Amino acid sequence: MAANSFLQGALVLLAAGLINRGLGFFYQIALIRTIGPEGVGLFNIVFPVYIMLLVLATAGVPLAVAKLVAEETARQNMTGAYRILKLALLMLLGTSLFFTLLMIAGAPYFKHYVFPNPAAYYSFICLAPGIFIVSICSAFRGFFQGLQQMAPTAISQTVEQLVRVAAGLLAAYFMLPRGIEYASAGLSVGVVLGELAGFILMLRIYRRDKPVLTGKAVPLFQMASLGDIIRRVLNMAVPVTLTRFAATALMSLQAVMIPHRLQAAGLSVTQATSTYGQFVGITEALLFMPGVVTIALTTALVPAVSDAVALSNLRLVRTRIYDAVRLTIQVGVPAGFVFAVLGDELCGVLFGYPDAGTALRLMAPAGLFLYLQQTTTGIIQGMGRAELPFKNLIISSIFCLGGVYWLTALPRAGILGTASAVGVGYMVMALLNLKDIKKLTGYVPGFRDQILAPLLSAGGMSVVVWNLKIILYRQGLGDAPVLFASLLSGAAIYIWLMIFSGGFNDQDRAKLKQILNFRRGRF
């Protein structure tokens, strides 16, 4: 039962992630068509800075809570699990208030000296309340993840996304007549309202579903010293914070650097903001779509691997690594081929900007490494070696930022130079993570079922899709029918080729049969 809990938790998060990513994707399409790339660009200039401050406010504590609670429950010590939650809430209360006030006080500085477009100020200041809300909510999410109960996180995130999409679109629409900067600020209002809705729901779930302690309740400061608890939390939280801070700092630097370097390539402020908006709002939005699988895996991997490590079960650790990497490759490889073959159609039909497909096609091979980067980071953090992804991220960031700085400013490259540099960063990070996992566990990806079968199946799929696309265009069909026919036929062909080549094992086929039986009403 314990061996299945990881995949069950990942599937719960995956289901919620598919809903959330679908809503978010619809949100991106609606935003691009409502306020245009410039408005999306303004919001995405400030959002990475907000995320960076949020990372500092949470200080890696939620992930530490998930790992330590998993260890305590593996030892049947629920009292220790609650003690960790209480301490985490105290820590997050102080840090979140501090960084909320810091964000408000520092907003004028960012407006005048950091943001490449000062109109982004309104979006930035409206995000400030979210730091406190998300920080406190994250402690409860970490607690339930440590119990390997992923449903509370999944449900609250889905509600959060629903409110964010509805409130953000409405606010942006009604604020648009006042100016693009106010419409962009409306997106920030939607973010905060969504986070507040998710927090309120999480509190209700905690009060209703929290595990009941048996026996006499033990106060926070008994049975184990406060210093020991703090040490255990900080041992996990500090390297995780450094890793996430480096990741969000990289995003923030890109958000500031890319528009600046586009201006150096000859674009105006408005053109640079719009081009950057296309890149993050269209190209990266599509590239990140398959990441819903790896984000679910990453969230479920930390407590699952921590549980196996606490029980000294190296075989279970390797099994979970094998399942996670295999699923990541099975999703990432065909996604990359689809982006390469249908990049223009995806960007044109969904967003109305087919030119963004050039950058998407260029980044298609890097997509797999992005997804592997996310999965492998979760694996290493679950093993308690969070300093390793931090080191790898620093190395990959050097390649990425160096490439962004030099390539983006080239008039013939521009945003394509940005795409190339970001893709190289993903590749370096993923390969370094895999190298560390091999050293820690001896795990090596299986060549036939994990690499060769997905590559051959996706390659065969792309050949069929490419020829089908040409035939449909010759029949006079438009971009939308061609796109949807190509996607449907491509998915069917890929699944068939994976079954034929042995890429799907007996476990995969059994799960697929269960899903089909469930849909027929047999369960």
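The values are calculated or read from the model by the stated rules, or taken from the named source; none is laboratory data. None of the values given here were measured: they were computed from a predicted structure. Here Cβ is always computed from backbone atoms with ideal geometry, including for glycine, and neighbour counts include all displayed protein chains. For accessibility, only protein heavy atoms count, side chains too; no ligands or nucleic acids. Shrake-Rupley method; radii C 1.70, N 1.55, O 1.52, S 1.80 Å.
Listed values, structure above:
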{"read-out": "Integer Hz, Karplus 6.51/-1.76/1.60 couplings in order for segment 79-90, x for Gly and Pro", "value": "4, x, 5, 5, 4, 5, 4, 4, 5, 4, 4, 5"}
{"read-out": "Distance histogram for segment 124-202 (every C-alpha pair counted, 5 angstrom bins, percent rounded to whole numbers)", "value": "3, 18, 22, 20, 15, 10, 6, 3, 2, 0"}
{"read-out": "HN-Hα J in Hz across segment 133-141 - Karplus 6.51, -1.76, 1.60, θ = phi - 60°, x for Gly and Pro", "value": "4, 5, 4, 5, 4, 5, 5, 5, 5"}
{"read-out": "Phi-based couplings in Hz for segment 196-201 (Karplus 6.51, -1.76, 1.60; Gly and Pro marked x)", "value": "5, 4, x, 5, 4, 5"}
{"read-out": "Restraint check, LYS67/LYS438; LYS67/LYS439; LYS391/LYS439, Cα-Cα greater than 18 Å", "value": "LYS67/LYS438; LYS67/LYS439"}
{"read-out": "Fraction of accessible area attributable to carbon and sulfur, segment 353-451 (%, probe 1.4 Å)", "value": "69"}
{"read-out": "Summed residue charge, Cβ within 15 Å of PRO152's Cβ, Lys/Arg positive, Asp/Glu negative", "value": "+3"}
{"read-out": "Accessible surface of segment 129-180, 1.4 Å probe, proportion on carbon and sulfur as whole %", "value": "70"}
{"read-out": "Global geometry of the chain, whether rounded, prolate or oblate, following the gyration tensor of its Cα atoms and the 1.5 cut on a/c", "value": "oblate"}
{"read-out": "Inter-probe distance in nm under a simple model that places probes 7 Å from Cα toward Cβ, at PHE447 and ILE19", "value": "4.4"}
{"read-out": "Accessible area in square angstrom per residue, segment 421-488, 1.4 angstrom probe", "value": "52"}
{"read-out": "Heavy atoms of ARG231: accessible area, 1.4 Å probe, square angstrom to 10", "value": "120"}
{"read-out": "Full-stretch length increase - LYS438, TRP466 - with 0.36 nm per residue and alpha-carbon distance subtracted", "value": "6.4 nm"}
{"read-out": "Segment 148-211 - accessible surface per residue (Å², probe 1.4 Å)", "value": "48"}
